[in-house]
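In what follows, a single structure is set out as structure tokens and then discussed.
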Amino acid sequence: MALLGATCFGVWRPDEADEMWHTLMPAGGGVVACEGPDIVGMSSFLDLRLTVPGGAVLPMAGVSWVAVAPRIGGVGCCGACSPSCTLA
């Protein structure tokens, strides 16, 4: 995942940043897509809180660290799942 992140975002994330992000991610908060042994896509969701008008604090999910390997980008499932798909 670190290699895919560095490839997609152009930087290696420091260990200290990883530790901070991990405090926001629940167990199982990451999703990966694999092609054989290679991770070709990933994303994470975060446990966040949102203060709304009136001062109430509500739980909220956030999506972060979405990355797709450059050789995979734009492929999607369109056309593969249904020949009539026109979204690609």
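The values are calculated or read from the model by the stated rules, or taken from the named source; none is laboratory data. A quick note: this is a predicted structure, and the numbers were derived from the prediction, not measured. Cβ coordinates were reconstructed from backbone atoms using ideal geometry, including for glycine residues, and neighbour counts include every protein chain displayed.
Limited to the range 1-24, what total is found for residues that are out of contact with any Leu (no Cβ under 9 Å at 6 or more places or on another chain) and part of a helix (DSSP H, G or I)?
Total meeting the criteria: 16.
Look through the range 3-16, keep the residues that are free of Cβ contacts under 8 Å to residues at least 40 places away in the same chain and surrounded by 11 or more Cβ atoms within 10 Å (Cβ to Cβ), and return whichever of them is nearest to A33 (Cα to Cα). Spell out how you get there, then give the answer.
From the range 3-16, those free of Cβ contacts under 8 Å to residues at least 40 places away in the same chain are 3, 6, 10-16; that's our starting set.
With the extra rule that they be surrounded by 11 or more Cβ atoms within 10 Å (Cβ to Cβ), the set shrinks to 3, 6, 12-13.
Numbers: L3: 14, A6: 17, W12: 20, R13: 20 Å.
Restricting to residues being free of Cβ contacts under 8 Å to residues at least 40 places away in the same chain and surrounded by 11 or more Cβ atoms within 10 Å (Cβ to Cβ), the top hit is L3.
Just give me the residues in the range 32-88 being of a type in the set (V, I, T), assigned to a loop (DSSP other than H, G, I, E, B) and modelled with pLDDT of 85 or more, in sequence order.
If the condition is that a residue be of a type in the set (V, I, T), assigned to a loop (DSSP other than H, G, I, E, B) and modelled with pLDDT of 85 or more, then V52 is the only one that fits.
What is the residue count in the range 39-71 for residues that are in contact (Cβ under 8 Å) with a residue 60 or more places away in the chain and more than 10 Å from the chain's Cα centre (by Cα)?
Within the range 39-71, residues that are in contact (Cβ under 8 Å) with a residue 60 or more places away in the chain and more than 10 Å from the chain's Cα centre (by Cα) number 2.
Search the range 20-38 for residues that are under 13 Å from W65 (Cβ atoms) and pair each with any residue that is part of a strand (DSSP E or B) and polar (S, T, N, Q) when their beta-carbon atoms are under 8 Å apart and the residues are at least 6 apart or on different chains.
W21/S44; W21/S64; M25/S44; G29/S44; G30/S43; G30/S44; V31/S43; V31/S44
Every residue in the range 1-27 that is modelled with pLDDT of 85 or more and among the small types (G, A, S), please.
A27
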